[in-house]
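Below: the structure, in structure tokens.
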Amino acid sequence: MHKLSLTFLVLVLIFINGCSVREVIVTGTNPLFIPALIDSAEHENIELVLQKGKHEFYEGVASETMGVNGNYLGPTVKLHKGQTTRITFKNNIDETTTIHGHGLHVSGDIDGGPQLAIEPNEEWTIDLPVVQEAGTSWYHPHLMGKTGKHVYAGLAGIYLIEDDNAKSLGLPQSYGVDDIPLVVQDRSFTDKKMNPYLVSHAQMMDGFRGDTLVVNGTVSPYHIVPKGWVRLRLLNASNARFYRFYLSEQKKFYKIATEGGFLNAPILMTELTMGPGERNEIMIDLANIDNVHVMAEFLAVDFEDWSFFASNTATSVVELRTDSSLVASGVLPNNLNDIAYFTQSEKDQAVTRTFRLEMDEDAMTYDMHSMFSINGKSMDMQRIDERINKGQLELWSITAEDMPHPFHMHGVSFLIQTHNGNSPQEADKGWKDTVVVTNELTEVLMRFNHIADEKTPYMYHCHILEHEDGGMMGQFTVE
């Protein structure tokens, strides 16, 4: 009996140890870089220059990078609902590329998909009408076969959209002080220099995953914030990595927004899972806290391992250190939005479409016609996969093979109807443009209200960039 009890105890200890997350909480050593803010209300014409650069992730060691108006990443561009902003993108990287407005509700001819290539030393000017509600979107390249490489190098930045409702809520709005963008990426380094973008067959299948967290281009960052409410705009701009975000010491926070806008009310949470391309806004009350770490657990490739039973690594995203001399100007309101949810009658009248994201793990070459597909078809820029009527309610049913995939569609925000076969949680009932799908059913409802013709169609695709580049993408028109 004694031997049996001892054996059972050992097994329990092994089980508990195997289930734990290995945390790496290190005091921040570098001030968090805050991207420059360009407010469209103050600039008639905004110029964004894509350029090569050298960026020091580690002091004294320069890495070859790309950036927008700088060496790595780009400025945050503030847009205002009801205004039209002229933006000129100049391509100085000596390679063909595009710039996609991820999350923007715009027509196909200014969406920046792979058809809208910007050749080296050329520029692309768009007049960008802002018709959607306040939210956090972003911009990044979208050239077929090169998206992963260009985003990895640093070509990405945030679109911050404001409207009258957002301004009236009293939320923190002092950019970089209590309203802080966090562009979260994973990178790999050798002798403190960022490795070139070279992916193996296994990395193509799983997507590129680095071992070092980089936030706004900063390794091991800290940031000084007021003693009060702080608003964080989280963007998972990694090529393929999924994260579980939480606060040190299991402190609680409030989720206030998804990709397409505010939730109806703040949702109290202790953790938040995000796939590539997803954005969330959270609020933390630091009135009585000296410092706290925002943590990120590196989630496994397989969905089955996304649980307490996995043994993953978690590391600090940013250490927030409070300073009572800074003015805390924001509050957390009880009500944020009034989302017009679709009725059952509307859902019954929707056009239904089915999408299955597929992988061929036996393919031995990076061939977009054999490795990745949707509904049995790999991306073909000469083929239109779906034709949609403008204004028609659409119900898309999506599943995936082998691993979780973040599914993104252009030109629209949607509402989740079912997720992994279940009704969505309250925190997932906001407007979204990217959703993580598995082999269980996810259903989303939306209306496409902008034109995308055959010359410049919209895309739907996996936002694991290596999968997108490899053909897990389709084209659709809205007319």
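Quick notes
- Near-label residues of the range 463-479 by backbone N, under 19 Å of a point 7 Å along Cα→Cβ of residue 392: 474-479
- For residue 251, the lysines whose Cα falls under 28 Å of its own Cα, not counting residues fewer than eight places away in the same chain, are 167, 227, 429, 432.
- Stretch gain in nm, segment residue 109-residue 344, where the contour uses 0.36 nm per residue and the Cα spacing is subtracted: 81.3 nm
- Taking the 1.4 Å solvent-accessible surface of the range 187-231 as the whole, the part contributed by carbon and sulfur is 55%.
- Distance (nanometres) between label positions extended 7 Å along Cα→Cβ at residue 249 and residue 22: 2.6
- Multiplying the residue separation of residue 288 and residue 425 by 0.36 nm and removing their Cα-Cα distance gives an extension gain of 46.3 nm.
- Computed lengthening from residue 380 to residue 313, 0.36 nm per intervening residue step minus Cα-Cα distance: 20.3 nm
- Exposed-loop-free span, longest in the chain, where chymotrypsin sites (Phe, Trp or Tyr not before Pro) count as exposed if DSSP calls them loop and at most 14 other C-beta atoms lie within 10 Å: 1-307
- Summed side-chain charge close to residue 398 - residues other than residue 398 whose Cβ falls under 11 Å, Lys, Arg +1, Asp, Glu -1: 0
- Whichever aspartates and glutamates have a C-alpha closer than 13 Å to that of residue 54, once near sequence neighbours (fewer than 8 apart) are set aside: 64
- Label point distance in nm, residue 479-residue 96, each placed 7 Å from Cα along Cα→Cβ: 2.4
- Shape metrics for the range 359-479, restricted to C-alpha atoms - Rg then Dmax, Å: 14.5, 42
- With 20 Å as the limit on Cα-Cα distance, the pairs of 149/193; 347/455; 81/347; 90/192 that go past it are 347/455; 81/347; 90/192.
- Distance between the C-alpha centres of the range 131-199 and the range 274-291: 15 Å, rounded to the whole angstrom.
- The magnitude of the dipole of the range 94-212, with charges of +1 and -1 set on the Cβ of Lys/Arg and Asp/Glu and taken from the Cα centre, is near 580 debye.
- Computed E for residue 164/residue 327 - FRET, C-beta separation, R0 22 angstrom, nearest 0.05: 0.40
- Extending 7 Å from the Cα toward the beta-carbon at both residue 439 and residue 84 defines two label points whose distance is 5.0 nm.
- Each Cα pair of the chain feeds into the Kirkwood radius, which the Stokes-Einstein equation turns, at 25 °C and 0.890 mPa s, into a diffusion coefficient of 107 µm²/s.
The values are calculated or read from the model by the stated rules, or taken from the named source; none is laboratory data. If you're wondering where the values come from, they're calculated on a predicted model, not measured in any experiment. All Cβ positions, even for glycine, are placed from backbone atoms using ideal geometry, and neighbour counts span all protein chains on display. The accessibility values were calculated without ligands, DNA or RNA, using every heavy atom of the protein model including side chains. Shrake-Rupley method; radii C 1.70, N 1.55, O 1.52, S 1.80 Å.
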